[in-house]
Amino acid sequence: MNMSFTIREENAELLERVRNMIRDEVMPLEEEYAQEIAKGSRWEYTERQSEILEGLKAKARAQGLWNFWLTDSDKGFGLSTVEYAYFAEEMGKTPLGAEVFNCSAPDTGNMEVLERYGTAAMKEEWLKPLLAGEIRSAYLMTEPDVASSDATNVAMSCVRDGDHYVLNGEKWWSSGAGDPRCKVYITMVKTGGDDAPKHQRHSMIVVSADTPGIEILRAMEVYGHDDAPHGHMHIRFTDVRVPAENLLVGEGRGFEIAQGRLGPGRIHHCMRAIGQAEIALERMCKRSLDREAFGKKLAQLGANYDIIAECRMEIEMARLLCLKAAWYMDQGDARAAAPWISQIKVVAPRTALKVIDEAVQMFGGAGVSQDTPLATAWTHVRTLRLADGPDAVHRRQVARAELKKHTQEKV
């Protein structure tokens, strides 16, 4: 089997343009952007925040550096998953990276859903402005009262009533729902009874964020941080009436859509996490050469040579595993790709967390403060070990695939 992680020449040139824009224009503004969050109401954008973000987006779009996630060559750049991995890694090096190029989660997955399964009206009202980067969206699945790592537990009631469905229940960790630009939710709901097959009880429905009966209860905090103005919101639906035509595909098709929604997005977070690890290692090295203690540069103290070396080697291994998973996805065999996807979903955030933590240690007190982006990066990457599915679930899938090689019994 010939496995290639190469990138076509024309796309290598495109990647270099992205890399240069991130280094020269995006990263120099990320600190000022972060400082602006504390100046406003947190859930609104200050004038300067908007100026920075929208200005960068306008520059990217004007240069054609936009919507790389669209892998269909008729609509986008036609990047393979392997090729997109390199772009996502670069975008992961700055908190602003993904949005500047309109490649942010959960918008990419939601746009995939609207493109594949949405009606013409949905595409006009929501997909078009999402593709243009004019609005944001949220994906509502997990719930506070059930173990949502098993999505068959999702319990939000969705009952047909004439020309509408009526939704009741609560969702939490609704990423992006705090953003004032968030205009639409794609929501996993329960439409079938407990007597229906387990994976045919759920549906997905498109809900306008301003529908009466929707109440944002609070912003969920990650280690004390609310991640404003993006936010991960806890939302209550009380007799929320949604037009029946907003149900995607049909009742009981929720898991089918969920699989279609994921696509390359299954490992987008992993790709970006590797970028975060790379920038943390870069900061660690520069710090170790700039600071002295006990008459020596920090690099020469203790086990810091070993720490830096281990970080480099682990990043390289994680990247190769990510590319291998991406390659399997490009072959179109979801079953063959699945164990590799599960492996990288464990390895990428774990590696990034280790590297970021070592960088924090190199910076000392500054590393855990607001004076560096390391503490925030650590909290974001830590959530990936849950948000992209708990490590234990992924390890279970890896183990089952391994055990099946040696037994005909169900494992």
Fewest first, what order do Val368, Val154 take by the number of other Cβ atoms within 10 Å?
Val368, Val154
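Could you give the size of the charge dipole of segment 259-403 about its Cα centre, using +1 on the Cβ of each K and R and -1 on the Cβ of each D and E, expressed in debye and rounded to the nearest 20?
Details: 21 positive and 16 negative charges, 70 e Å.
My answer is approximately 340 debye.
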Which one, Gly109, Gly254, Gly224, has the greatest fluctuation when you compute a Gaussian network model over the chain with C-alpha springs under 10 angstrom?
Gly224
Starting from 0.36 nm per residue, how many nanometres of slack lie between Asp145 and Lys286 once their C-alpha separation is accounted for?
46.2 nm
If you take every DSSP beta bridge whose two residues both sit in the chain, what share of them, in percent to the nearest 5, is antiparallel?
85 percent
Which entry in [x] 23.7; [y] 22.3; [z] 25.2 is this structure's computed mean projected area of the Cα convex hull in nm²?
[y]
Would you list Asp388, Asp371, Asp330, Asp195 from fewest to most Cβ contacts within 10 Å?
Asp195, Asp371, Asp330, Asp388
Distance between Cα centroids, segment 370-402 to segment 94-111: provide it in whole Å.
19 Å
Relative contact order as a percentage, segment 137-247, C-alpha pairs under 8 Å and 6+ apart, gives 32 percent
Relative to the longest principal Cα axis of the chain, at what angle does helix 374-387 sit, 0 to 90 degrees, rounded to 10?
40 degrees
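How high is the relative contact order of segment 259-403, in percent, counting Cα pairs under 8 Å that sit 6 or more residues apart? Write down the numbers at each step before the final one.
Working: 151 pairs, mean separation 42.9, N = 145.
RCO, segment 259-403: 30 percent.
Determine the dipole magnitude for the chain: charges of +1 sit on the beta-carbon of Lys and Arg, -1 on that of Asp and Glu, nothing else is charged, the reference point is the Cα centre, and the result goes in debye to the nearest 20.
Values: 51 positive and 61 negative charges, 208 e Å.
In debye, rounded to 20, the chain gives about 1000.
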Projected onto the charge dipole of the chain (+1 at Lys/Arg Cβ, -1 at Asp/Glu Cβ, origin at the Cα centre), which of Ile257, Pro28, Val355 gives the Cα projection farthest towards the positive end?
Val355
Can you flag which of Lys128/Lys354; Lys183/Lys345; Lys190/Lys324 are past 32 Å Cα-Cα?
Lys128/Lys354; Lys190/Lys324
For segment 337-360 and segment 167-246, write down the distance between their C-alpha centroids in whole Å.
28 Å
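Give the order of Phe101, Phe255 when sorted by the count of other beta carbons within 10 angstrom, beginning with the fewest. Don't jump to the answer; show the numbers that get you there.
Values: Phe101 27, Phe255 18.
Fewest-to-most Cβ neighbours within 10 Å comes out as Phe255, Phe101.
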What size of dipole, in debye to the nearest 20, comes out for segment 9-104 about its Cα centre when the only charges are +1 on Lys and Arg C-beta atoms and -1 on Asp and Glu C-beta atoms?
220 debye
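With the contact rule set at Cα under 8 Å and sequence spacing of 6 or more, what percent relative contact order holds for the chain? Intermediate values should be presented prior to the final figure.
Values: 666 pairs, mean separation 57.5, N = 411.
With pairs under 8 Å counted, the relative contact order is 14 percent.
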Two-site label geometry, Lys296 and Val368: point separation in nm, points 7 Å out along Cα→Cβ:
2.5 nm
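Laboratory data are not the source of any read-out in this text; all were calculated from the coordinates shown. These numbers come from a predicted model, not from an experiment. For neighbour counting, all protein chains shown are included, and Cβ atoms are generated from backbone atoms with ideal geometry for every residue, glycine included.
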